[in-house]
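J.: Have a look at this one.
Read-outs throughout are calculated quantities, based only on the coordinates presented, and are distinct from any laboratory measurement. Model, not experiment: these values are computed from the prediction. Heads up, the Cβs are rebuilt from the backbone with ideal geometry, glycines too, and the neighbour counts pull from every protein chain shown.
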Amino acid sequence: MKIRLESGEEAEATTFDGALLTLRSPRAFAPGSPIRFAATSEAGDRSLEGRAIGSKRIDDEHFEVRMRLVNLRRQDRALLLTQLSD
């Protein structure tokens with residue numbers, strides 16, 4: 001699932017387990033920092049917000065960012081689970 005961060009940078013959502021969302025991002029986020037983004041899927045764009053749990057460098061250009069989503073609506077949770085569940 002394609003993600004556009006509030007800063008305008010592109011990221012990619014890789015997994016969602018119902019509580020934690022993992023992104024492949026061009027930048028790292030400090031634990032606890034807010035992350036606002038728009039998720040794009042076949043169902044359209046969704047504005048979402050999360051709090052970073054941690055970031056880990058995975059290559060020279062990307063970080064794996066784990067976050068807990070804040071104020072997630074039921075239909076958005078179902079969409080994320082459908083699109084990203086393992």
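J.: Explain nothing, just the number: dipole magnitude of the chain about its Cα centre with +1 on each Lys and Arg Cβ and -1 on each Asp and Glu Cβ, in debye rounded to the nearest 20.
T.: Roughly 400 debye for the chain.
J.: Ok, one more. Quick one: 3J(HN,Hα) in Hz for segment 6-17, Karplus 6.51/-1.76/1.60 with θ = phi - 60°, rounded, Gly and Pro as x.
T.: 4, 6, x, 6, 8, 9, 9, 6, 10, 9, 8, 9
J.: Another question, if that's okay. Under 15 Å from a label point 7 Å along Cα→Cβ of Arg68: give me every residue in segment 1-39 with its amide N that close.
T.: Answer for segment 1-39: 17-22, 31-35.
J.: Output ³J(HN,Hα) for segment 62-67: one whole-Hz value per residue in order, computed from phi by the Karplus curve 6.51 cos²θ - 1.76 cosθ + 1.60 with θ = phi - 60°, and x for Gly and Pro.
T.: Running phi through 6.51 cos²θ - 1.76 cosθ + 1.60 with θ = phi - 60° gives 10, 10, 8, 10, 9, 9 Hz.
J.: Give the relative contact order (percent, whole number) for the chain; include only Cα pairs under 8 Å separated by 6+ residues.
T.: About 31 percent, as a whole number.
J.: Around Ile53, which amide H atoms from residues at least 5 apart in sequence, or from another chain, sit under 5 Å from its own amide H, with H modelled in the peptide plane?
T.: Gly32, Arg66, Met67, Arg68
J.: Within 10 Å of each residue's Cβ, count the other Cβ atoms and sort Ile58, Ile3, Ile53 from fewest upward.
T.: Ascending Cβ contact count within 10 Å gives the list Ile58, Ile53, Ile3.
J.: A further question follows. Give me Asp60, Asp17 ranked fewest to most by other Cβ atoms within 10 Å of their Cβ, as a rough exposure proxy.
T.: Lowest count first: Asp60, Asp17.
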